[in-house]
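This report refers to the structure that appears directly beneath it.
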Amino acid sequence: MNYFIYISYAALLFCVTMCFIHFLRIIQLGAPKDLSEKSGDVTAGVIYSNTQAMLPQQKESAYKHLPTYTAGILFHLGSFLALLLFLLLMFDAVWIFFFKYHIFSALMAMFLWFSSCCGMGLIIKRLISKKLRPISNADDYLSVGFVTLFHLFSALLFTIFAIHDFFHQFFTHNMHEYVICAYFLSASLLFFYLPFGKLKHAVYYFAARYHLGFFYGRRGTWPPKKVK
């Protein structure tokens, strides 16, 4: 089991290193250069780009697909939670805490099961949608698939934390270890893949929103002016 734990830590270190390299490349490109005459507030545009502009009614078509938009939000929240829990589980005291306080483990498990369903739903929609399937590639499925897999095994691990007495009553100790190994293996797959696929937008997201806010804020387009 320790073998898989160390692999996942190595994968995380590799992921952080590669993401830092992506970040340095963004910094080297420098701030946006715009020769047009300034007619708006860049700061207000950047703030709007990262707040109200993310709401579905401000997007081109998200307001027409609110269930998918909501599933995507919950899927992202589950990803942040799963990653935070992975980092916390580096400490033995955290394992003891979640084994001891079942209610916290149960809450984590329930949300992660739900976010896992959201991930699977997003994959299924890509597969069956006549509009999405033709424009989807392998990276689309692998990216969402690896994250969903991480959600699933995170949910299963915290389910064991929540009902470990019941689990040991009906399953062998080896089964318990298999789940832990699968959890760290799924984390390793995600961390090794993240810097190469679309998941690296975790780094580029902030630069992209800044550039959008800079461009439209300078032109006075963002934030949109209220019509009297």
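Between Ala44, Ala93, the distinction of being more than 17 Å from the chain's Cα centre (by Cα), more than 30 Å from Leu212 (Cβ to Cβ) and part of a helix (DSSP H, G or I) belongs to Ala93 only.
Just name the residue that is surrounded by the fewest Cβ atoms within 10 Å (Cβ to Cβ) out of those in region 46-99 that are within 20 Å of Phe111 (Cα to Cα) and among the hydroxyl-bearing types (Ser, Thr, Tyr). Among those that are within 20 Å of Phe111 (Cα to Cα) and among the hydroxyl-bearing types (Ser, Thr, Tyr), it is Thr70. Within region 186-206, the residues that satisfy the criterion of being assigned to a helix (DSSP H, G or I), of a type outside the set (D, E, K, R) and either farther than 14 Å from Gly145 by Cα or in contact with an Asp or Glu (Cβ under 8 Å, 6 or more places away or on another chain) (or both) are His201, Ala202, Val203, Tyr204, Tyr205, Phe206.
Kindly establish whether Lys33 is outside any helix (DSSP H, G or I), free of Cβ contacts under 8 Å to residues at least 40 places away in the same chain and out of contact with any Phe, Trp or Tyr (no Cβ under 9 Å at 6 or more places or on another chain). Yes. Scan region 111-126 for residues that are among the aliphatic types (A, V, I, L, M) and without any contact (Cβ under 8 Å) to a residue 12 or more places away in the chain and the total you get is 1. Among the residues examined, Ile21 does not qualify as among the β-branched types (Val, Ile, Thr), surrounded by 13 or more Cβ atoms within 10 Å (Cβ to Cβ) and within 21 Å of the chain's Cα centre (by Cα).
Within region 134-145, residues that are free of Cβ contacts under 8 Å to residues at least 24 places away in the same chain and of a type in the set (Phe, Trp, Tyr) have Cβ atoms under 9 Å from residues that are assigned to a helix (DSSP H, G or I) and surrounded by 13 or more Cβ atoms within 10 Å (Cβ to Cβ) in these pairs: Tyr141/Ile123; Tyr141/Arg126, counting only partners at least 6 apart in sequence or on another chain. When Leu89, Leu81 are checked against the criterion of being closer than 21 Å to Tyr204 by Cα and modelled with pLDDT of 95 or more, Leu81 stands alone in meeting it.
The values are calculated or read from the model by the stated rules, or taken from the named source; none is laboratory data. If you're wondering where the values come from, they're calculated on a predicted model, not measured in any experiment. All Cβ positions, glycine included, derive from the backbone under ideal geometry; neighbour counts span all protein chains shown.
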